[in-house]
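Working notes for the structure below.
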């Protein structure tokens with residue numbers, strides 16, 4: 001595989017046609033070597049339009065979804081980012097190219113360590129990786145310009161909303177198992193939340209927020 005050609009093609013053939021038109025975001029996606037974050041057994045699919053498994057219940061976003069997320073959030077150099085779900089660490093590294101700083105929390109210690117090893121090989125000094133459960137983590141009343149939730153939630157927990165700065169925005173996938181929508185959530189500075197739907201998708205639920213199965217007798 002000509003990795004450089006494949007890297008360029010994924011921008012032109014997957015990301016741009018699917019609404020990923022943000023020049024800075026696409027440059028950041030190109031600068032971070034995605035292949036460094038993909039498991040060895042999937043190296044032949046580094047730039048394929050699929051969600052690559054990285055653990056038992058965790059997958060990398062496909063390139064076109066990564067591009068669409070970053071395009072929609074339009075992250076600026078002075079902004080702070082909170083990522084819930086470090087996963088492979090690839091998107092974390094890309095975010096660091098766009099933002100002032102990135103804090104990423106991952107519940108799976110093994111995944112977090114793998115992401116740290118990959119990130120440490122790059123010249124990035126504005127990332128803080130944490131291991132823990134975001135539902136129980138003490139954020140010490142901190143607020144962030146941008147929040148990315150990398151797994152689905154049945155409904156938005158107001159605790160997450162309160163972590164957004166008044167001028168900030170959050171990416172989240174919200175809904176039931178058969179009807180999930182990826183959306184951008186923002187505040188109008190009057191404690192009223194605005195939702196902008198991006199696309200329909202399906203992700204595994206955040207651990208601890210799985211809906212209770214109801215049985216009809």
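The values are calculated or read from the model by the stated rules, or taken from the named source; none is laboratory data. Keep in mind that what you see is a predicted model, and the values were worked out from it rather than measured. Neighbour counts are summed over all protein chains in view; Cβ atoms, including those assigned to glycine, are modelled from backbone coordinates with ideal geometry.
Going through 106, 128 one at a time, which residue ends up being surrounded by fewer than 22 Cβ atoms within 10 Å (Cβ to Cβ), within 26 Å of residue 46 (Cα to Cα) and touching a strand residue (DSSP E or B) at 6+ places or on another chain (Cβ under 7 Å)? One residue alone meets the criteria, 128. Residues of the stretch 101-117 include at least one that is at pLDDT 95 or above and closer than 19 Å to residue 24 by Cα.
Among the helices (runs of 4 or more DSSP H) lying completely within the stretch 87-195, list those that include at least 1 residues that are in contact with a helix residue (DSSP H, G or I) (Cβ under 6 Å, 6 or more places away or on another chain) and either in contact (Cβ under 8 Å) with a residue 60 or more places away in the chain or farther than 20 Å from residue 65 by Cβ (or both). Walk me through how you get there before you give the answer.
On the way: elements: 90-98, 109-120, 158-161.
By residue number, 90-98, 109-120.
Yes or no: residue 89 within 19 Å of residue 203 (Cα to Cα) and more than 14 Å from the chain's Cα centre (by Cα)? Considered against the rule, which asks whether it is within 19 Å of residue 203 (Cα to Cα) and more than 14 Å from the chain's Cα centre (by Cα), residue 89 comes out as no. Among the residues of the stretch 36-65 satisfying the criterion of being surrounded by 15 or more Cβ atoms within 10 Å (Cβ to Cβ) and in a helix (DSSP H, G or I), which is farthest from the chain's Cα centre (by Cα)? Selected residue: 42. Somewhere in the stretch 24-32, is a residue touching a residue at least 12 places away in the same chain (Cβ under 8 Å) and not in a helix (DSSP H, G or I)? Yes, that holds for at least one residue.
Residue-wise test of (1) under 18 Å from residue 145 (Cβ atoms); (2) modelled with pLDDT under 90.
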residue: 158; (1), (2): no, yes
residue: 161; (1), (2): yes, yes
residue: 165; (1), (2): yes, no
residue: 172; (1), (2): yes, no
residue: 177; (1), (2): no, yes
residue: 180; (1), (2): no, no
residue: 184; (1), (2): yes, no
residue: 191; (1), (2): yes, yes
residue: 197; (1), (2): no, no
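Reported count of residues in the stretch 70-86, each being surrounded by fewer than 24 Cβ atoms within 10 Å (Cβ to Cβ) and part of a helix (DSSP H, G or I), is 2.
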